[in-house]
Amino acid sequence: MHTRARNQVKRADLDRCKTTEMLKFINNRGWISVSISDASSSDMPLVFASEGFFKMTGYAAGEILGHSLDMLYGPDTDPATIALIQRAVNASQTVSTCILAYRKDGTSFWNHICLQPVWDSSAALRFYICTQYTGTSGVGNLVRDIGASFPSGLQTHATIAPIVPSKSFI
């Protein structure tokens, strides 16, 4: 095997190891709500969700993995917010907003989300990582409607974003 090919194999092994360790870290902290969607599929099915995500939504792994986050939309979910998210995803951009979501039991909650694209070493979009937390009624729409950024105390996704920076390669 040529040196270059050997180095590529070592790099791929290292990348897999880093990804595995990151997922273990995230999943072992039940208070962190994180999900990862497969960006190579048009409906972006979930391929990973943390314990915090399951606690927040009431879904079990077998009920939501393989499905889109659209399962969290309900009758009062704002179509304009859905469109904002879709535009960002279509443009492979990061988006941070608040949306009225629904748990498995049908109760609604304000879901403050940050969706961030992740590219692989060949610059292909592979995943979207979504960090989220529940918020206070009305605060999310106010922040979204005025186009402001979330107050620093509300940016729980900031603790995770440095692990997988935008345009990073896994």
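The values are calculated or read from the model by the stated rules, or taken from the named source; none is laboratory data. It should be emphasised that the depicted structure is a prediction, and the values quoted were computed from it without experimental measurement. With ideal geometry, Cβ positions are generated from the backbone for all residues, glycine too; neighbour counts draw on all protein chains shown. Ligands, DNA and RNA are excluded from the accessible area calculation, which covers all protein heavy atoms including side chains. Shrake-Rupley method; radii C 1.70, N 1.55, O 1.52, S 1.80 Å.
Is it true that Val89 is in contact with a Cys (Cβ under 8 Å, 6 or more places away or on another chain) and at pLDDT below 95?
Working: in contact with a Cys (Cβ under 8 Å, 6 or more places away or on another chain): no; at pLDDT below 95: yes.
Here the answer is no, as Val89 does not meet what is asked.
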Next item on the list: Taking Val89 as meeting all but one of (1) surrounded by fewer than 17 Cβ atoms within 10 Å (Cβ to Cβ); (2) outside any loop (DSSP other than H, G, I, E, B), write down the number of the exception.
Entry: (1)
Notebook entry, point to check: Looking at the stretch 65-86, which of the residues that are more than 30 Å from Ala124 (Cβ to Cβ) and acidic (Asp, Glu) is least open to solvent (accessible area, probe 1.4 Å)?
Noted result: Asp78
Notebook entry, point to check: Does Asp38 count as open to solvent by less than 60 Å² (accessible area, probe 1.4 Å), at pLDDT 85 or above, within 27 Å of Ala124 (Cβ to Cβ) and charged (D, E, K, R)?
Noted result: yes
Next item on the list: Please specify each residue of the stretch 53-69 satisfying the condition of being without any contact (Cβ under 8 Å) to a residue 24 or more places away in the chain, under 15 Å from the mean Cα position of the chain (by Cα) and assigned to a helix (DSSP H, G or I).
Entry: Phe54, Ile64
Notebook entry, point to check: Restricting the first residue to the stretch 102-118 and requiring it to be within 13 Å of Gly58 (Cβ to Cβ), which pairs with a second residue that is assigned to a loop (DSSP other than H, G, I, E, B) and of a type in the set (D, E, K, R) meet a Cβ separation below 9 Å and a spacing of at least six or different chains?
Noted result: Tyr102/Asp76; Ser108/Asp76; Phe109/Arg103
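Within the stretch 93-131, track down each residue that is in contact with a Gly (Cβ under 9 Å, 6 or more places away or on another chain) and part of a strand (DSSP E or B).
Thr97, Cys98, Ile99, Leu100, Ala101, Tyr102, Ser108, Phe109, Trp110, Asn111, His112
For Asp70, state whether it is at pLDDT 90 or above, charged (D, E, K, R) and at negative phi. Working first, answer last.
Working: at pLDDT 90 or above: yes; charged (D, E, K, R): yes; at negative phi: yes.
Yes.
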